[in-house]
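Chemist: Please see the structure below; I have some questions.
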Amino acid sequence: MFKSKIFRASVLLGFFTIVGKLIGLWRDRILAGQFGASTELDVYYAAFRIPDLVFNLLILGATSSAIVPIFIEYYQRDKAGAWRVAQNFLNVMVAGVAVLSVLVFVFAEPIAYLIGPGFGPAEIKILANLMRIMLLSTLIFAVSTILGSILHALQRFLVYALAPVFYNLGIIAGVVFFVPLFERWGYYGIYGLGFGVVLGALLHLSIQLPVALREGFRFGKLFDVSDHTFKKMITLMVPRTLALGAYNIGLTIITSIASLIGTGSITIINLATNLQFVPVSVIGISLATAVFPQLSSHAVTQDIPEFKRKLNHALRVTLILTGIIAVSMFVFRQLIIDIIFQVGTFKETDRALTASVLGIFMFSVIAQSMMHVITRAYYAFQNTKTPFLVALSSIVLNVCLSYVLGLQLGMGVRGIAIATVIAYNINFMFLYILFRRRYF
């Protein structure tokens, strides 16, 4: 069963993740070529921080920890009830996202000063406006991600894997078409990137919605915050939501630190992060996504031997495959950066620094990838508290080390990368040890 069903699913997810990442690298190449390691691109990356925080607080925590196991639990005994649970959850959570988005929209400028203390007044205004634009994508993503989690639970992996591909195509359309269009209209071209993100979110939704409707989902007026199942999902998602919130707050603080290091620092960290996330996504997240419904089913039926076998196999495969890729990317880091970013206004010194940061990141790729697998094992047992406490500790460590190494010791973006590597490795180590002690 494992080798036939889960392995095929992980291969499917991995393949389309590779496609998505290749398009993502094409996106980054276009961005780097057109804008370089500039303040303008720093502002663009910084603008994601608060919309991402809103999304993670209310949506990602639930979709990654609560929806799949609970939807499966209901679907196995009452399909109509499972769809009502999904409908109610979507309505309530999207309403919550809308309320938070309005607050951020109103206070965008003061928030922008906190995110980018190293930016000037003109950049702060652009940052605030970009955040306002990107809040539209947050609302769309809220709907799309909840539907995607339902498809994940039903093991409809194809459109689930295709959605990020369409998202990146939307951003590329923003660079190629919207940026020059806004410039012709007399506005900053960077606003075109913001609307490209909105288009990407719409495409992300458009590929998943028809399949969700075909499977049985329907939009409706159901809105019941007192529902027992909704409360159970909220209880499960709270620790994961707090962990994601802490992670995004930590990332926002690190972005603030990077803005004080110098022009291009935020861009270089983001470009290197996107590259190092390729093996994590292709192997770690794909395997974790494929095995999660199976682990949840075995946890519900208390089939611990089968649970243990599938988890251990997923961890071994993740270790071997990500290890091979990480070593290869470390050895050829400069060549990889030159092939992708030797274009346009992206300078040789910026490429060298990006390659250096990428090389440092490779020392955390195995831990990051296996962390996704072991975290899903906790969620299968509906335990979201332990991953939260471990993640919170590692986030605090990451922020403190980033400040000390990046600013106080003058190591710049390399210091931030080293801090990230240390935090991720400690995170996985504690997750693995605690899981084995509790469940095995």
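The values are calculated or read from the model by the stated rules, or taken from the named source; none is laboratory data. Keep in mind the model is a prediction, meaning the values are calculated, not measured. FYI the Cβ positions are ideal-geometry reconstructions off the backbone, even for glycines, and counts take in every protein chain you see.
Chemist: Before we move on, is GLN302 at positive phi and touching a Pro at 6+ places or on another chain (Cβ under 8 Å)?
Modeler: On the way: at positive phi: yes; touching a Pro at 6+ places or on another chain (Cβ under 8 Å): no.
No, not satisfied.
Chemist: Would you confirm, using the coordinates I've provided, whether SER328 is closer than 30 Å to ASP42 by Cβ, assigned by TED's automatic domain parsing to the domain that holds LEU22 and of a type in the set (S, T, N, Q)? Give the steps one after another, and end with the answer.
Modeler: Numbers: closer than 30 Å to ASP42 by Cβ: yes; assigned by TED's automatic domain parsing to the domain that holds LEU22: yes; of a type in the set (S, T, N, Q): yes.
Against the criterion (closer than 30 Å to ASP42 by Cβ, assigned by TED's automatic domain parsing to the domain that holds LEU22 and of a type in the set (S, T, N, Q)), SER328 qualifies.
Chemist: Here is a further query. ALA391: at pLDDT below 95, surrounded by 20 or more Cβ atoms within 10 Å (Cβ to Cβ) and either closer than 27 Å to ALA377 by Cβ or not assigned by TED's automatic domain parsing to the domain that holds TYR378 (or both), yes or no? Give the steps one after another, and end with the answer.
Modeler: On the way: at pLDDT below 95: yes; surrounded by 20 or more Cβ atoms within 10 Å (Cβ to Cβ): yes; either closer than 27 Å to ALA377 by Cβ or not assigned by TED's automatic domain parsing to the domain that holds TYR378 (or both): yes.
Yes: the conditions hold for ALA391.
Chemist: Against the conditions (1) touching a residue at least 60 places away in the same chain (Cβ under 8 Å); (2) not in a helix (DSSP H, G or I), where does SER226 fall short? Just the number, please.
Modeler: (1)
Chemist: MET362: under 19 Å from VAL282 (Cα atoms), touching a Leu at 6+ places or on another chain (Cβ under 7 Å), touching a residue at least 12 places away in the same chain (Cβ under 8 Å) and assigned to a helix (DSSP H, G or I), yes or no?
Modeler: Values: under 19 Å from VAL282 (Cα atoms): yes; touching a Leu at 6+ places or on another chain (Cβ under 7 Å): no; touching a residue at least 12 places away in the same chain (Cβ under 8 Å): yes; assigned to a helix (DSSP H, G or I): yes.
The answer is no for MET362.
Chemist: Restricted to the range 294-342, and to residues that are among the hydroxyl-bearing types (Ser, Thr, Tyr) and over 28 Å from TYR74 (Cβ atoms), which residue is surrounded by the fewest Cβ atoms within 10 Å (Cβ to Cβ)? First the steps, then the outcome.
Modeler: In the first step, residues of the range 294-342 are kept if they are among the hydroxyl-bearing types (Ser, Thr, Tyr); the result is 296-297, 301, 318, 322, 328.
Still in the running and over 28 Å from TYR74 (Cβ atoms): 318, 322, 328.
Working: THR318: 28, THR322: 23, SER328: 13.
Looking at residues that are among the hydroxyl-bearing types (Ser, Thr, Tyr) and over 28 Å from TYR74 (Cβ atoms), I get SER328.
Chemist: Quick one: how many residues across the range 189-208 are in contact (Cβ under 8 Å) with a residue 40 or more places away in the chain, of a type in the set (Gly, Ala, Ser) and either surrounded by 18 or more Cβ atoms within 10 Å (Cβ to Cβ) or not in a helix (DSSP H, G or I) (or both)?
Modeler: 3
Chemist: Only one residue in THR345, THR375, THR386 is buried (at least 21 other Cβ atoms within 10 Å of the Cβ) and among the hydroxyl-bearing types (Ser, Thr, Tyr). Which one?
Modeler: Numbers: THR345 fails: buried (at least 21 other Cβ atoms within 10 Å of the Cβ); THR386 fails: buried (at least 21 other Cβ atoms within 10 Å of the Cβ).
The match here is THR375.
Chemist: Also, I was wondering about something else. Out of the range 338-354, which residues are free of Cβ contacts under 8 Å to residues at least 24 places away in the same chain and part of a helix (DSSP H, G or I)?
Modeler: Start the filter on the range 338-354 by keeping residues that are free of Cβ contacts under 8 Å to residues at least 24 places away in the same chain, which leaves 338-339, 342, 348-349, 351-352.
Across the range 338-354, the qualifying residues are ASP338, ILE339, GLU348, THR349, ARG351, ALA352.
Chemist: Only one of ALA212, ALA258 is out of contact with any Phe, Trp or Tyr (no Cβ under 6 Å at 6 or more places or on another chain), touching a residue at least 60 places away in the same chain (Cβ under 8 Å), over 22 Å from VAL68 (Cα atoms) and not assigned by TED's automatic domain parsing to the domain that holds VAL331. Can you tell me which? Working first, answer last.
Modeler: Details: ALA212 fails: over 22 Å from VAL68 (Cα atoms).
The unique qualifying residue is ALA258.
Chemist: Would you tally the residues in the range 99-136 being among the small types (Gly, Ala, Ser), surrounded by 14 or more Cβ atoms within 10 Å (Cβ to Cβ) and assigned to a helix (DSSP H, G or I)?
Modeler: As a first pass, look at the range 99-136 and keep what is among the small types (Gly, Ala, Ser): 101, 108, 112, 116, 118, 120, 122, 128.
Adding the requirement that they be surrounded by 14 or more Cβ atoms within 10 Å (Cβ to Cβ) leaves 101, 108, 112, 116, 118, 128.
Checking the rest, the ones that are also assigned to a helix (DSSP H, G or I) come to 101, 108, 112, 128.
Looking only at that region, the number is 4.
Chemist: For the subset of the range 7-61 comprising residues that are of a type in the set (D, E, K, R) and at pLDDT 80 or above, which member is surrounded by the fewest Cβ atoms within 10 Å (Cβ to Cβ)?
Modeler: Filtering the range 7-61 for residues of a type in the set (D, E, K, R) gives 8, 21, 27-29, 40, 42, 49, 52.
Next cut, at pLDDT 80 or above only: 21, 27-29, 40, 42, 49, 52.
Working: LYS21: 21, ARG27: 21, ASP28: 20, ARG29: 19, GLU40: 17, ASP42: 28, ARG49: 25, ASP52: 19.
Result: GLU40.
Chemist: Within the range 100-109, identify whether any single residue is out of contact with any Leu (no Cβ under 9 Å at 6 or more places or on another chain) and either within 27 Å of SER38 (Cβ to Cβ) or among the β-branched types (Val, Ile, Thr) (or both), and answer yes or no. Give the derivation first.
Modeler: At the first step, the residues of the range 100-109 found to be out of contact with any Leu (no Cβ under 9 Å at 6 or more places or on another chain) are 103, 106-107.
If we keep only those that are either within 27 Å of SER38 (Cβ to Cβ) or among the β-branched types (Val, Ile, Thr) (or both) as well, we get 106-107.
Yes - at least one qualifying residue is present in the range 100-109.
Chemist: Just one of (1) at pLDDT below 90; (2) closer than 16 Å to ASN398 by Cβ trips up ILE254, so point out which.
Modeler: Condition not satisfied by ILE254: (1).
Chemist: Looking at ILE253, ILE172 in this structure, which one is closer than 30 Å to LEU409 by Cα, β-branched (Val, Ile, Thr) and surrounded by fewer than 22 Cβ atoms within 10 Å (Cβ to Cβ)? First the steps, then the outcome.
Modeler: On the way: ILE172 fails: closer than 30 Å to LEU409 by Cα.
ILE253 is the lone residue from the list that is closer than 30 Å to LEU409 by Cα, β-branched (Val, Ile, Thr) and surrounded by fewer than 22 Cβ atoms within 10 Å (Cβ to Cβ).
Chemist: I would also like to ask the following. Where the second residue is in a helix (DSSP H, G or I) and hydrophobic (A, V, I, L, M, F, W, C) and the first is more than 21 Å from VAL68 (Cα to Cα) and free of Cβ contacts under 8 Å to residues at least 24 places away in the same chain and lies in the range 121-145, which pairs have Cβ atoms under 8 Å and are six or more apart or on separate chains?
Modeler: Between residues of the range 121-145 that are more than 21 Å from VAL68 (Cα to Cα) and free of Cβ contacts under 8 Å to residues at least 24 places away in the same chain and residues that are in a helix (DSSP H, G or I) and hydrophobic (A, V, I, L, M, F, W, C), the close pairs are ILE124/ALA112; LYS125/ALA112; ALA128/ALA108; ALA128/ILE111; ALA128/ALA112.
Chemist: Moving on to the next point. Between a first residue in the range 171-188 that is closer than 13 Å to LEU31 by Cα and a second residue that is among the basic types (Lys, Arg) and surrounded by 17 or more Cβ atoms within 10 Å (Cβ to Cβ), which pairs have beta carbons less than 9 Å apart while being 6 or more apart in sequence or on different chains?
Modeler: From the range 171-188, the pairs are ILE171/ARG27; ILE172/ARG27; VAL175/ARG27.
Chemist: Across the range 355-370, what is the number of residues that are of a type outside the set (A, V, I, L, M) and surrounded by fewer than 23 Cβ atoms within 10 Å (Cβ to Cβ)?
Modeler: If we filter the range 355-370 for residues that are of a type outside the set (A, V, I, L, M), which is where we start, we get 356, 359, 361, 363-364, 368-369.
From what is left, the residues that are surrounded by fewer than 23 Cβ atoms within 10 Å (Cβ to Cβ) are 356, 359, 363.
Residues that pass the stated criteria total 3.
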